[in-house]
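Written out below as structure tokens is the structure these notes cover.
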Protein chains: 2
Amino acid sequence: MDILTQANRLEALGNPTRLAIYRALVRAGHAGTPVGKLQDAIGIPASTLSHHLAKLCACGLAGQTREGTVLRCRAHYDVMEQLVAFLAAECCADATAAPCETSACG
Amino acid sequence: MDILTQANRLEALGNPTRLAIYRALVRAGHAGTPVGKLQDAIGIPASTLSHHLAKLCACGLAGQTREGTVLRCRAHYDVMEQLVAFLAAECCADATAAPCETSACG
DNA sequence: AAAATATTTCGAATTTTCTGGAATGATAAA
DNA sequence: TTTATCATTCCAGAAAATTCGAAATATTTT
């Protein structure tokens, strides 16, 4: 439940291109999708896509497994669910965690 | 439900300092908190804080109302709930919206 | 081992973000 | 109207993100 970890994930999804990539992974379901097909779908240069995928993987939101010459990418749903749970628990109206202790709550 | 709008909000929360600011706003509840108290709580220069608050307000996640010389800041819970709903609906395992239409789903 | 395919890493330019001191603007009190 | 307080805007430097062609790496096929 590290805040910096969650911030890193939010930042990863905050880039419109990466959000599009991540959504394509989600639509691909548990089977995932090869990098090449992602490239066709999103329409950006391979090197750019690779950088974005690296960021999504580094923050835990996605993973890759090699299948021959192809790299299959998958969304890590459990990590996204963690993130959503974090937002719901600590950033919404009825936030229960991290109760007010500072002078900022006056 | 504009994707760019949601990406903008995710980006806003993706900065650790801004996430801390936003969480302080949430902890302050519906009453909100003045900029000055936020500054005491977070411990950053006024101009830096002001920039971050401006970004949170610009993307809709927060708002400000003047009370005399004081500016009171509040989290916009409905906007955050929209964002969480977006993530749950389009970025999680059982995503129903935006069904697979592209070649990226093979 | 050479060729073909898939993808990453390198290198470098461009753009954007982040930061904070100084100046300015807004409001209230004396 | 002067003074004081609160907060933003201006300005500019430093750091980081974004982009993508070219070169390199990984794997399979012939």
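Summing +1 for each Lys or Arg and -1 for each Asp or Glu, what net charge is found among the other residues whose Cβ lies under 11 Å from the Cβ of residue A:72?
Net local charge, residue A:72 excluded: +2.
Not counting ligands, DNA or RNA, and with a 1.4 Å probe, what is residue A:30's accessible surface area in Å² rounded to the nearest 10?
Counting only protein heavy atoms, residue A:30 exposes about 130 Å² to solvent.
Using Cα positions and a limit of under 16 Å, work out the aspartates and glutamates in reach of residue B:37, with same-chain residues fewer than 8 apart set aside.
Here the aspartates and glutamates satisfying the reach criterion relative to residue B:37 are A:101, B:67.
So what's the range B:3-91 giving for Rg/Rh, alpha carbon basis, Kirkwood Rh from the mean inverse pair distance?
Result: Rg/Rh = 0.98.
For the range A:3-91, with all protein chains present and a 1.4 Å probe, just round the carbon and sulfur fraction of the accessible area to a whole percent.
54
Considering only the label points, 7 Å along Cα→Cβ from Cα, what distances in nm to one decimal separate residue B:58 from the same position in each other copy, shortest first?
2.4
Give me the accessible area buried between chains B and A, both sides summed, with a 1.4 Å probe, in Å² rounded to the nearest 100.
Looking at B and A, the buried total is near 3500 Å².
If you take every residue apart from residue B:86 with its C-beta less than 12 Å away from the C-beta of residue B:86, what net charge results, scoring Lys and Arg +1 and Asp and Glu -1? Let's see the in-between values first.
Numbers: positive: A:23, B:9; negative: B:2, B:81, B:90.
Residues close to residue B:86 contribute a combined charge of -1.
Out of A:68, A:43, A:60, any idea which swings most in a Gaussian network model of chain A, alpha carbons joined below 10 Å?
Residue with maximal mean-square fluctuation among A:68, A:43, A:60: A:68.
For the protein assembly as shown, report the % of Cα-Cα distances exceeding 31 Å.
Details: 5619 of 22366 pairs.
So the pairs more than 31 Å apart make up 25 percent of the total in the protein assembly as shown.
Taking θ = phi - 60°, what integer Hz values does the Karplus form 6.51 cos²θ - 1.76 cosθ + 1.60 yield along the range A:44-52, in sequence order, with x for Gly and Pro?
10, x, 4, 5, 5, 4, 4, 4, 5
Considering only protein heavy atoms, what per residue accessible area in square angstrom results for the range A:3-91 with a 1.4 angstrom probe?
Ligands and nucleic acids excluded, the result is 41 Å² per residue.
The values are calculated or read from the model by the stated rules, or taken from the named source; none is laboratory data. Keep in mind it's a predicted model, so treat the numbers as computed, not measured. All Cβ positions, glycine included, derive from the backbone under ideal geometry; neighbour counts span all protein chains shown. Areas reflect the complete protein model, heavy atoms only, side chains present, ligands, DNA and RNA absent. Shrake-Rupley method; radii C 1.70, N 1.55, O 1.52, S 1.80 Å.
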